1. Can you order the peptides 80-92, 5-17, 61-73 by their average number of other Cβ atoms within 10 Å per residue, highest first?
2. How much net charge surrounds M87 when only other residues with a Cβ under 10 Å from its Cβ are counted (Lys, Arg +1; Asp, Glu -1)?
3. If each of E75 and C16 carries a label point 7 Å out from its Cα toward its Cβ, how far apart are those two points in nm?
Amino acid sequence: MKSLTLLIFCCMMAACLSAGIPDSSDTKLVSPAEAPSDDGVFVKRDEASTLVRQKRAGAVTAADLSLTQLESLREVCEANLACEDMMDTSGIIAAYTAYYGPIPY
């Protein structure tokens, strides 16, 4: 098993190294003025805050759930000891979301 892993690793290294070596005909120096710009990487502050607000607005709170739904989440979380410990410190919604993903209702 170790030899197979080592063989795969060596093949990947050889492929990466051979792909990174440019041919002499492909070599071209690019000045900083001709280099592509990264203008599309940054987002304006107001657009970013709008996106974050929308994401927060979709979050589920304990007030949104009935007592039956909360009890159902609690029973699922009690089956996992780590989830149960987190439930005691951070709350049922945070613990369930951390261990089982988004709340289904």
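1. Averaged packing, sorted descending, gives the order 80-92, 61-73, 5-17.
2. Around M87, the surrounding residues sum to -3.
3. Result: 4.9 nm between the two label points.
Quick note: the coordinates plus some simple rules give every number you see, no bench work behind them. These numbers come from a predicted model, not from an experiment. Don't worry about glycine lacking a Cβ; one is built from the backbone with ideal geometry, like all the others, and counts go over all protein chains shown.
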